[in-house]
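The block underneath contains the structure these notes are about, expressed in structure tokens.
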Amino acid sequence: MPFILSANRLRDGAVVYFAQDNSWSERIEDAAAVPEDRVGKLEEAGLDAEARNHVVGSYAIEVAASCPPYSTRLRERIRSHGPTVGDRQTRTAVEDHQSRPMGGPEG
Amino acid sequence: MYVYDSLDKTLLNQRVAEFRDQVQRRLDGDLTEDQFKPLRLMNGLYLQLHAYMLRVAIPYGTLSSDQMRKLAYVAKTYDRGYGHFTTRQNIQFNWIELSTAPDLLYDLSEVDLHAIQTSGNCIRNVTADPYAGAAADELDDPRIWSEVIRQWSTLHPEFSFLPRKFKIAVTGSEADRAAIKFHDIGLKIVRNNEGVLGFAVYVGGGQGRTPIVAPLIKAFLPAPDLLRYLDAVLRVYNRHGRRDNIYKARIKILVDSMGADSFAAEVASEFNRLDPKLLSVRDDDVSRLRDMFAQPYLRPDPDSSSSFEDLVKKSPRLGPWFKSNAHPHKTPGYSIVTISLKPIGGIPGDATAEQMFGIADLADRFSLGEIRVTYTQNLILPHVRQADLFVLWQELERLNLATPNVGLASDIIACPGLDYCSLANARSIPISQRISERFANLNAQHDVGPLDIRISGCINACGHHHAGHIGILGVDKKGEERYQLTLGGQGNGESAVGKIVGPGFDEDGIVDAVETVVSTYLSLRTEGEVFSQTLARTGQDPFKERLYDNR
Amino acid sequence: MTIVNASGDVVEQGWTTVESLEGYGPHHGIIVSPAVLLDSFDEADHVSLSHTGVRLSVEDDVSEIAAYVPHLGLIELVFAQFKDGRPYSTALTLRRDYKFTHELRASGDVLPDQAIFLIRSGFSSVDVPDQFTAQEFKKSLMAYSVAYQSAHDSHVSLIDDLRRSTPDVAAE
Ligand code: HEM
Ligand code: SF4
């Protein structure tokens with residue numbers, strides 16, 4: 001199964017994914033998926049972005065090769081789609097989270 | 001309430017400025033994340049799953065209406081329009097940005113609020129009985145002594161890098177509403193045989209993966225010696241507490257391994273070494289604080305007294321609300337009113353900015369501008385004239401804050417769990433919502449009687465599940481959420497740790513299991529027996545049978 | 001190596017840390033381990049001790065060198081990790097119970113943001129770790145002009161009421 005790279009953005013803590021164009025996007029759809037033998041490279045990109053204080057706590061996530069990438073871990077699905085709890089405020093939170101424009105290039 | 005003087009203000013402003021500088025250095029890359037993390041944590045700023053989370057201290061659970069308005073403003077301005085009141089009498093904001101956190105803290109400081117020591121291995125925000133100053137059974141106002149401790153412990157030079165976090169709780173009543181024996185230090189205000197005011201000191205309680213009810217370390221500590229004794233306890237802990245294993249670092253492990261008696265002896269010898277002059281709490285300081293906390297005189301108003309019968313006549317829904325959500329005040333004709341933050345199917349402890357603004361206004365109209373936060377994640381208006389109850393209740397209904405369920409099955413304590421928390425194994429909030437919906441019939445809840453259900457999303461036990469009559473612990477079993485059930489915990493008065501019943505359940509199973517436990521109780525109870533009494537009488541066996549045998 | 005004093009100013013380093021006494025006379029201003037102190041020094045030789053410092057790790061027990069303490073010229077407490085706050089208690093114990101009045105130095109893993117805690121616990125100098133500067137320590141020391149508790153330093157203003165009930169230790 002392929003891997004993607006995720007982290008939290010330093011400035012606002014938002015969940016971000018390392019994208020094809022070396023930027024960090026808030027949308028898991030944009031995440032660059034790589035085969036297992038290239039995870040090392042992916043993680044290097046994460047450490048590099050941490051060293052340059054763009055993101056914190058980067059790590060690779062194993063995902064199913066679907067579009068958007070699907071993690072078997074509930075934790076990752078909650079990170080990408082927002083809290084599962086459905087009341088008025090948090091539904092907005094989830095919508096916000098999904099409808100925000102793509103994060104600008106930061107890498 | 002306590003009024004900040006120039007020293008308090010200066011210190012708070014300097015703290016805000018210091019943190020602003022620390023954040024700037026981080027954003028500029030002058031501090032690495034490893035260096036910055038302990039600094040932000042000392043100011044209550046966590047990085048959670050989706051964003052930064054800020055934990056704001058509500059000292060000993062007391063808020064003024066203006067402070068509540070500011071929290072509402074913060075929720076609207078810096079968050080997504082809501083906040084989460086926690087079991088530590090704090091409020092947490094879930095969607096905070098690092099870059100604007102310094103502005104947020106500046107705004108809070110305008111009403112003397114802050115996030116100092118709401119995280120980190122230091123002496124945390126002191127908690128106290130939320131009925132302080134209003135309860136009839138109170139020996140002395142615990143807020144006076146909590147404020148003494150707040151000042152002494154704030155930016156304490158010696159005790160800011162302890163082996164682990166340190167939580168102190170104070171109660172002035174026999175009926176412990178602050179769960180003091182589940183704290184690192186629990187203080188109960190008592191009088192000795194000569195009538196002298198002092199404290200019974202419990203040390204080494206806690207929850208987490210090793211739940212322990214704190215043993216009594218000193219039966220009577222004269223009040224003026226409070227800080228000197230705390231200083232001795234903290235020094236013994238700082239010196240000898242374990243630092244090699246984070247799970248064994250709390251003082252409860254030290255007390256347990258030394259034995260309560262030798263721990264007490266070590267503290268006593270440290271206490272005796274300390275110059276009594278240095279830390280003694282002086283009478284005139286105490287009386288100054290006592291004056292600040294004294295409530296404005298409430299004219300006893302026995303004519304205003306409302307009985308259950310009177311109120312039911314006004315509205316059939318008002319009677320049950322009065323029964324579960326109002327508590328007798330020490331002044332005749334007044335009530336202590338609990339605002340339930342547990343609407344059926346809602347998120348325990350969450351309040352929207354609109355609700356917070358509304359509560360602030362109601363506090364001004366009906367409760368001398370005072371609000372309290374309970375560790376059960378509800379709010380309290382402490383001084384309400386009973387003649388005002390009907391109008392207050394109508395206003396609360398309008399704000400969706402009048403659920404008549406305090407102390408009942410749907411008054412569930414739940415931590416943020418996997419929906420927000422980066423340490424979680426499983427979700428807590430959806431489970432609490434589904435249980436609450438299962439018991440949606442409020443009449444039935446009133447019939448079931450006092451029932452305390454508590455849920456934590458991992459063994460850290462932020463949801464106090466060990467101390468619930470029914471406790472639920474989320475665990476991760478090969479990537480699946482599973483829930484363990486414990487029965488027999490007790491959070492108030494007689495503290496007790498619940499016992500695991502048997503194998504865990506999945507999400508649907510745990511909701512059914514709770515219902516099975518409740519129906520088992522209903523079939524077993526004798527006249528007038530509440531859940532905890534039935535369980536104590538029968539033991540877990542009949543419950544186990546119903547839960548597991550007919551599977 | 002940069003040493004700052006309790007005001008955050010850089011001061012001349014007059015002390016040398018040595019593993020053994022070889023090549024050093026008794027008046028050299030040397031910092032030794034507790035083992036060397038116990039082995040090679042006489043607790044009654046106050047003159048030599050005043051030119052001697054001892055360096056204690058977080059695990060070392062002050063009571064083992066109790067007889068030497070009041071006469072030592074310097075005591076250095078090494079922080080194993082900035083998160084390990086034991087040296088704060090040791091410092092206060094040295095000042096309060098052992099009446100140690102000479103230089104008390106913090107070294108090892110300390111952060112500029114902890115400077116005020118160090119000084120208020122009784123340290124009188126800090127060995128600034130390589131990745132930080134003396135200025136950072138000084139700036140951090142200036143972050144606060146007030147404090148709630150009494151402490152060992154004297155630059156805090158302890159004003160009225162509750163604060164008055166906890167007089168400054170240093171004022172004795
Ligand atoms: C969301 C971020 C949170 C994190 C990272 C967190 C972390 C922890 C940890 C690690 C412990 C175990 C401490 C130990 O045993 O040494 C703990 C205990 C506790 N936390 Fe939290 N917690 C969080 C949220 C909360 C919330 C929302 C509440 C209140 C609802 C809370 C209240 C408590 C309480 C009451 C305990 C148990 C008492 C104790 O042993 O200290 N925490 N927390
Ligand atoms: S109990 Fe676990 S999941 Fe719940 S808030 Fe605490 S750390 Fe998070």
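I want the antiparallel fraction of DSSP beta bridges within the protein assembly as shown, as a percent rounded to 5. Working shown, then result.
Details: 71 of 102 bridges.
Rounded to the nearest five, the antiparallel share is 70 percent.
Once phi is turned into ³J(HN,Hα) by the Karplus curve 6.51 cos²θ - 1.76 cosθ + 1.60 with θ = phi - 60°, what whole-Hz value does each residue of segment B:413-426 show in order, with x for glycine and proline?
The phi angles translate into 8, 9, 7, x, x, 5, 5, 10, 8, 6, 9, 6, 9, 8 Hz.
What does the net charge come to around residue B:130 if you take all other residues with beta carbon closer than 13 Å to its beta carbon, with K and R at +1 and D and E at -1? Provide the component values of the computation, followed by the final result.
Working: positive: B:88, B:143, B:177, B:372; negative: B:129, B:138, B:141, B:176, B:370.
Here the charged neighbours net out to -1.
Output the antiparallel fraction of DSSP beta bridges having both residues in segment B:413-548, as a percent to the nearest 5.
Working: 12 of 18 bridges.
Bridges in segment B:413-548 that DSSP calls antiparallel: roughly 65 percent.
Given a cut-off of 12 Å, what percent of all Cα-Cα pairs of segment B:52-106 lie beyond it? Intermediate values should be presented prior to the final figure.
Details: 948 of 1485 pairs.
In whole percent, the share of Cα-Cα pairs in segment B:52-106 beyond 12 Å is 64.
How would C:22, A:50 line up by accessible area, probe 1.4 Å, largest first? Don't skip to the answer; put the middle values down first.
On the way: C:22 160, A:50 55 Å².
Greatest to least solvent exposure: C:22, A:50.
Which value, in Å³ per residue, describes the convex hull spanned by the Cα atoms of chain B? Each step should come with its number before you reach the end.
Values: hull volume 86.9 nm³, N = 551.
Roughly 158 Å³ of hull volume per residue.
Residues of C:87-94, mean number of Cβ from any other protein chain within 10 Å of their own Cβ, rounded to a whole number?
Details: counts 3, 9, 10, 3, 2, 5, 5, 0.
Going residue by residue through C:87-94 and averaging, the value is 5.
Scale the Cα Rg of segment A:3-84 by the rule-of-thumb value 2.2 N^0.38 Å and send over the ratio, two decimals. Each step should come with its number before you reach the end.
Details: Rg = 11.6 Å, N = 82, 2.2 N^0.38 = 11.7 Å.
Compared with the compact-globule rule of thumb, segment A:3-84 sits at 0.99.
Starting from a Cα-only point model with no solvent, please compute log10 I(q)/I(0) by Debye for segment B:157-206 at q = 0.23, 0.32 1/Å.
Here log10 of I(q) over I(0) equals -0.82, -1.14.
Largest first, what is the accessible-area ranking of B:334, A:59, C:24 with a 1.4 Å probe? Let's see the in-between values first.
Values: B:334 20, A:59 65, C:24 85 Å².
Output order, biggest surface exposure first: C:24, A:59, B:334.
How are the alpha carbon pair distances in segment B:6-109 distributed across 5 Å bins from zero to the largest one, expressed in percent?
That works out to 2, 12, 22, 26, 20, 12, 5, 1, in percent per bin.
Provide the three semi-axes, in whole Å and in decreasing order, of the ellipsoid equivalent to segment B:413-548 as defined by the square roots of 5 times the Cα gyration tensor eigenvalues.
On the way: eigenvalues 113, 44, 42 Å².
Equivalent-ellipsoid dimensions as semi-axes: 24, 15, 14 Å.
So for segment B:135-290, considering every pair of alpha-carbon atoms, how many percent are separated by more than 25 Å?
Numbers: 3076 of 12090 pairs.
The proportion of pairs with Cα distances above 25 Å equals 25 percent.
If amide hydrogens are placed 1.01 Å from N in the peptide plane, which non-local residues have theirs closer than 5 Å to the one on residue B:31?
B:26
Could you tell me the accessible area of residue C:17 in Å² (1.4 Å probe, neighbours in place), rounded to the nearest ten?
Surface accessible to solvent at residue C:17 totals approximately 60 Å².
Based on DSSP H runs of at least 4 residues, each adding -39500 (n - 2.57), what is the mean residue ellipticity at 222 nm of chain C after dividing by all its residues, to the nearest 500 deg cm²/dmol? Could you put the intermediate results ahead of the total?
Working: 6 runs with 41 residues, N = 172.
It comes out at -6000 deg cm²/dmol, rounded to the nearest 500.
How large is the direction-averaged shadow of the alpha-carbon convex hull of segment C:2-143, in nm²? Spell out each step's value before the answer.
Numbers: hull surface 31.9 nm².
Projected over every direction and averaged, the Cα hull of segment C:2-143 covers 8.0 nm².
HN-Hα J couplings of segment B:171-188 from phi, Karplus 6.51/-1.76/1.60, θ = phi - 60°, integer Hz, Gly and Pro as x?
Once rounded to whole Hz, the list reads 10, x, 10, 5, 6, 6, 9, 10, 6, 4, 7, 9, 10, 4, 10, x, 10, 10.
Might you work out the accessible area of residue B:462 for me, using a 1.4 Å probe with all protein chains in place, and round it to the nearest 10 Å²?
Rounded to the nearest 10, the figure is 80 Å².
With bins 10 Å wide starting at 0, give me the P(r) of segment B:324-419 over every alpha carbon pair, in whole percents.
Reading upward from the zero bin: 17, 52, 26, 4, 0.
Residue C:1 accessible area, nearest 10 Å², 1.4 Å probe?
Looks like 140 Å² after rounding.
Checking the table B:277/C:139; B:167/C:83; B:477/B:499; B:165/B:218; B:248/B:499; B:252/C:83 against a 24 Å threshold on Cα-Cα, which pairs fail?
B:277/C:139
In units of 2.2 N^0.38 Å, what is the alpha-carbon radius of gyration of the protein assembly as shown? Working shown, then result.
On the way: Rg = 28.2 Å, N = 830, 2.2 N^0.38 = 28.3 Å.
Its radius of gyration relative to the 2.2 N^0.38 Å reference: 1.00.
³J(HN,Hα) across segment C:70-77 via Karplus (A = 6.51, B = -1.76, C = 1.60, θ = phi - 60°), whole Hz, x for Gly/Pro?
x, 9, 5, x, 7, 10, 10, 10
Protein chains only, probe 1.4 Å: how do B:181, B:544, B:277, C:99 rank by accessible area, largest first? Before the final figure, lay out the partial values.
Numbers: B:181 40, B:544 70, B:277 145, C:99 120 Å².
From most accessible down to least: B:277, C:99, B:544, B:181.
Can you give the Rg to Rh ratio for segment B:457-530, taking only C-alpha atoms and Rh from Kirkwood? Present the calculation step by step, with values, prior to reporting the outcome.
Working: Rg = 13.2 Å, Rh = 13.1 Å.
Expressed as Rg/Rh, it is 1.01.
Report, ordered by chain and residue number, the lysines lying within cross-link reach of residue B:9, taken as a straight Cα distance under 18 Å and ignoring same-chain residues fewer than 8 apart.
Correct list for residue B:9: B:70.
Which aspartates and glutamates, if any, have their Cα less than 15 Å from the Cα of residue B:544, not counting same-chain residues under 8 positions apart?
B:512, B:515
Nearest 5 is fine: what % of DSSP beta bridges in chain C come out antiparallel, could you say? The partial results should precede the final answer.
On the way: 6 of 24 bridges.
Antiparallel: roughly 25 percent of the beta bridges in chain C.
The values are calculated or read from the model by the stated rules, or taken from the named source; none is laboratory data. Nothing here was measured: the structure is a model prediction, and the numbers come from that model. Neighbour counts are summed over all protein chains in view; Cβ atoms, including those assigned to glycine, are modelled from backbone coordinates with ideal geometry. Quick note on the areas: whole protein, heavy atoms, side chains included, nothing else; ligands and nucleic acids left out. Shrake-Rupley method; radii C 1.70, N 1.55, O 1.52, S 1.80 Å.
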